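What follows is one structure encoded as structure tokens, with my remarks underneath.
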Amino acid sequence: MRGKASNKHMATESSTIAEVLRTAIQAISIVVGWVVVHKLSAARDRDRARREMLAKAADALGDEVGKLFMSAKEYHTKVRDRGLEDALKMALQDISARTSLLSDISKDVKELGSCRSAILAMKKAITATHFEDEHDGSLEQGSQQIQSITAEGLRVKQCFLKLKHRQFPTD
Amino acid sequence: MQIINVAKDFTRFPSGRFKRNGETSGEAFRERFLENPLKEGKQITVELDGTIGYGSSFLEEAFGGLVRVLKISPQDLKLKLHMVSNDPALLEEVSGYIDDAGKSLQ
């Protein structure tokens with residue numbers, strides 16, 4: 001009689017333990033699932049913010065390049081303007097440095113590299129000849145250097161546009 | 001090792017290629033700060049940051065000009081001349097002028 005009661009008590013105890021274990025496993029599963037979902041969601045939000053920041057920066061740089069190459073064309077087709085020379089050098093330095101800094105938030109090493117090369121080609125088109133002490137009179141609108149500045153300026157703008165578009169792939 | 005900071009030791013407004021047109025030109029910088037120490041075999045570090053910016057003509061004359069004037073190979077020059085800047089694009093640009101000047105020597 002006493003043994004039967006003890007067996008019944010043990011059975012009740014083990015079923016309680018099983019119930020507790022089941023509840024604990026469910027609770028742990030819920031917590032682990034929540035942590036995983038939260039981490040994935042946070043990573044997705046961070047990535048979206050990063051892409052938006054990159055797109056905005058590429059847009060702003062593209063606008064700067066547009067202004068820069070209009071100023072450069074003005075500089076070369078008019079009489080020498082020393083103030084504009086300084087402004088052009090500062091703008092080129094700023095665009096170059098800001099583009100280099102994008103590597104902190106961009107994974108697109110190849111595209112950034114081609115933007116940097118395009119900026120250097122534009123800088124050379126603007127400042128390698130007929131600049132500062134070599135500015136010996138205004139150039140014609142259709143001159144070789146003006147054509148080169150236009151071509152390289154457009155190349156840089158396209159590069160930034162491409163960088164922006166690559167942040168939002170269609171597939 | 002000699003350290004030259006362009007902005008502090010030369011000018012914050014580097015401009016132009018040739019000395020005849022100004023004392024802040026690439027040629028003036030090269031003659032004043034680079035040629036003699038390199039001829040004496042000294043190592044030089046040039047800190048480029050802190051100026052308002054560089055035109056390509058200044059950089060080409062200052063650094064590419066070293067290859068032409070000293071008749072030194074780009075490889076040997078780069079062993080003696082160290083460039084420092086926060087902008088890697090500027091370092092690539094200078095390195096490119098040194099290499100291009102080397103090609104014109106051949």
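Checked across the range B:30-43, the condition of being within 14 Å of chain A (Cβ to nearest Cβ) and more than 14 Å from the chain's Cα centre (by Cα) holds for no residue. May I ask you to list the residues in the range A:108-131 that are within 9 Å of chain B (Cβ to nearest Cβ) and among the basic types (Lys, Arg)? A:Arg116, A:Lys123, A:Lys124 - these are the residues of the range A:108-131 that are within 9 Å of chain B (Cβ to nearest Cβ) and among the basic types (Lys, Arg).
Among the residues of the range B:6-21, those that are within 10 Å of chain A (Cβ to nearest Cβ), farther than 15 Å from B:Ile52 by Cβ and either in a helix (DSSP H, G or I) or in contact with a Gly (Cβ under 6 Å, 6 or more places away or on another chain) (or both) comprise B:Arg17, B:Lys19, B:Arg20, B:Asn21. Among residues of the range A:85-107 being among the hydrophobic types (A, V, I, L, M, F, W, C) and surrounded by fewer than 16 Cβ atoms within 10 Å (Cβ to Cβ), the one that is nearest to the other protein chains (Cβ to nearest Cβ) is A:Met90.
Residues in the range A:120-150 that are within 31 Å of the chain's Cα centre (by Cα), in contact (Cβ under 8 Å) with a residue 60 or more places away in the chain and farther than 20 Å from B:Gly96 by Cβ: A:Ile146, A:Thr150. Checking each residue in the range B:38-66 for being under 24 Å from A:Gln93 (Cβ atoms) and either free of Cβ contacts under 8 Å to residues at least 12 places away in the same chain or in a helix (DSSP H, G or I) (or both) picks out B:Gly53, B:Ser56, B:Ser57, B:Phe58, B:Leu59, B:Glu60, B:Glu61, B:Ala62, B:Phe63, B:Gly64, B:Gly65, B:Leu66.
Looking only at the range A:132-158, filter to residues that are more than 17 Å from A:Leu84 (Cα to Cα) and among the aliphatic types (A, V, I, L, M); which one of those is farthest from the other protein chains (Cβ to nearest Cβ)? Steps first, please.
From the range A:132-158, those more than 17 Å from A:Leu84 (Cα to Cα) are A:140-145, A:147-148, A:150-158; that's our starting set.
Right, trim to among the aliphatic types (A, V, I, L, M) and you get A:151, A:154, A:156.
Working: A:Ala151: 16, A:Leu154: 19, A:Val156: 12 Å.
Filtering the range A:132-158 for residues that are more than 17 Å from A:Leu84 (Cα to Cα) and among the aliphatic types (A, V, I, L, M), the one farthest from the other protein chains (Cβ to nearest Cβ) comes out as A:Leu154.
The residue that is nearest to the other protein chains (Cβ to nearest Cβ), counting only those in the range B:52-72 that are among the β-branched types (Val, Ile, Thr) and surrounded by fewer than 22 Cβ atoms within 10 Å (Cβ to Cβ), is B:Ile52.
With respect to the stated conditions, A:Asp63 fails to be assigned to a helix (DSSP H, G or I) and farther than 22 Å from A:Gln158 by Cβ. Within 23 Å of A:Ala97 (Cα to Cα) and at pLDDT 95 or above: does that describe B:Val69? No. Each residue in the range A:57-84 was checked for being more than 26 Å from the chain's Cα centre (by Cα), more than 14 Å from chain B (Cβ to nearest Cβ) and hydrophobic (A, V, I, L, M, F, W, C), and 1 pass.
The values are calculated or read from the model by the stated rules, or taken from the named source; none is laboratory data. Computed from a predicted model, the values in this text were never measured in an experiment. All Cβ positions, glycine included, derive from the backbone under ideal geometry; neighbour counts span all protein chains shown.
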